[in-house]
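Read the figures in this text as sums done on the coordinates, not as results from a lab. For clarity, every value in this text was computed on a predicted model and none was experimentally measured. So basically every Cβ, Gly included, is an ideal-geometry build from the backbone, and we count neighbours across all protein chains shown.
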Amino acid sequence: MSISKINNYELIQQHEYPTAKVNWTIDANKTVLLIHDMQDYFLSFYGANSVLIASVIEHIKQLKQWAKDHNVQVYYSAQPQKQSTEDRGLLTDMWGKGLTEPDKLGQENITASIAPEDNDIILEKWRYSAFYRTQLGEDMQNQKKDQIIICGVYAHIGVLQTASVAFMDNIKPFVVEDAVADFSREDHIFALNYVQRNLGKVVTTAEIIRS
């Protein structure tokens, strides 16, 4: 029921997923950056010395620096450690108690190397999509932002669901291929394929930094 240990794997290469169906380009004036669920709890399943997560974190650092340099608002999504039965809902059926277990106290923190800074916004997250019961959608509407750059974990669950909700709300989702991670290489490729074929655009960290 709980998340199993995640083995290291090599990041996906561009030839392993289809080209985008859309020709969207990132406009720093219209986008936000979402660092999705990079909490110690979710990263713990990769192990303390994961080469994969070290690489993802390095790319997220670069994305965050690009965001700061271009006055792009940075959001973090994070599940709270304290969740009532009603708030957690069917997540318990699917994943058990997760980070609400007493021995997980403290693991709700965003991993220290990319911890939130002044002016970053933390979204208290309740379901797979970072838009669900958060201020993200309203903020973007009020600020006339219609693009979202998504990085973090896990690609085929929360990252994909957040991208899907964005698309259905007429927000263009950009999923950063080398700044997301997943349960397996197969799950990672599945998520990228789904984005490219159905609802968004997959990009690399280098492409964003050059934009």
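Once the Cα gyration tensor of the chain is found, what semi-axes does its equivalent ellipsoid get, as square roots of 5 times the eigenvalues, in whole Å, sorted largest first? Don't skip to the answer; put the middle values down first.
Details: eigenvalues 121, 78, 57 Å².
Taking √(5λ) for each eigenvalue gives 25, 20, 17 Å, largest first.
In whole Å, what is the distance between the alpha-carbon centres of the stretch 1-44 and the stretch 78-150?
First find each Cα centre; the distance between them is then 16 Å.
Sorting ARG88, ARG210, ARG197 on the 10 Å Cβ count, fewest up front, what's the list?
Details: ARG88 19, ARG210 9, ARG197 12.
With the fewest neighbours first, ARG88, ARG210, ARG197 line up as ARG210, ARG197, ARG88.
Which order do MET38, MET94 fall in if you start with the one that has the fewest other Cβ atoms within 10 Å?
Values: MET38 25, MET94 9.
Ranking MET38, MET94 by Cβ neighbours within 10 Å, fewest first, gives MET94, MET38.
Label ARG133 and PHE190 with points 7 Å out from Cα along Cα→Cβ: what is the distance between them in nm?
For ARG133 paired with PHE190, the spin-label model returns 2.6 nm.
Around LYS172, which amide H atoms from residues at least 5 apart in sequence, or from another chain, sit under 5 Å from its own amide H, with H modelled in the peptide plane?
The list, which skips near neighbours in sequence, is GLN147, ILE148.
In this model, which of LYS30/LYS97; LYS97/LYS145; LYS64/LYS201; LYS104/LYS201; LYS64/LYS104 are farther than 30 Å apart at the alpha-carbon? Before the final figure, lay out each step's value.
Values: LYS30/LYS97 37 Å; LYS97/LYS145 35 Å; LYS64/LYS201 19 Å; LYS104/LYS201 35 Å; LYS64/LYS104 27 Å.
In this structure, LYS30/LYS97; LYS97/LYS145; LYS104/LYS201 exceed 30 Å between Cα atoms.
For the chain, what does the helix formula give at 222 nm: sum of -39500 (n - 2.57) over DSSP H segments with n ≥ 4, over the residue count, nearest 500 deg cm²/dmol? The partial results should precede the final answer.
Values: 8 runs with 64 residues, N = 211.
Estimated from H runs of four or more residues: -8000 deg cm²/dmol.
Can you name the helices of the chain, as whole DSSP H runs, whose Cα span along the helix axis is 24 Å or more and whose Kyte-Doolittle mean is not below -1.0?
Working: long enough: 51-69 (27 Å, 0.13).
Length and hydropathy pass: 51-69.
For a Förster distance of 45 Å, can you work out the FRET efficiency between the beta-carbons of GLU86 and ALA54, rounded to the nearest 0.05? Write down the numbers at each step before the final one.
Values: r = 37 Å, r/R0 = 0.83.
So the FRET efficiency works out to roughly 0.75.
Calculate the spin-label point distance for GLU16 paired with ASP93, positioning each point 7 Å from the Cα along the beta-carbon direction, and give it in nanometres.
Going from the ASP93 label point to the GLU16 one covers 3.3 nm.
For ASN109, which sequence-distant residues (separation of 5 or more, or a different chain) have an amide H within less than 5 Å of its own amide H, given hydrogens modelled in the peptide plane?
The list, which skips near neighbours in sequence, is ASP40, TYR41.
Taking the Cα atoms of the stretch 132-211, what is the range of coordinates along each of the three principal axes, in descending order and whole Å?
Here the Cα extents, ordered largest to smallest, are 37, 31, 20 Å.
Cut-off is 10 Å between beta-carbons; in what order do GLU177, GLU186, GLU108 appear when sorted fewest neighbours first?
Values: GLU177 25, GLU186 11, GLU108 18.
If I rank by nearby Cβ atoms, fewest first, I get GLU186, GLU108, GLU177.
Hey, what do the phi angles of the stretch 110-122 turn into as Karplus ³J(HN,Hα) couplings, whole Hz, using 6.51/-1.76/1.60 and θ = phi - 60°, x for Gly and Pro?
Once θ is set to phi - 60°, the couplings for the stretch 110-122 become 5, 3, 4, 5, 10, 4, x, 10, 3, 6, 6, 10, 9 Hz.
DSSP beta bridges in the chain, what fraction antiparallel, as a percent rounded to 5? Mind dumping the intermediate values first?
On the way: 1 of 24 bridges.
Bridges in the chain are about 5 percent antiparallel.
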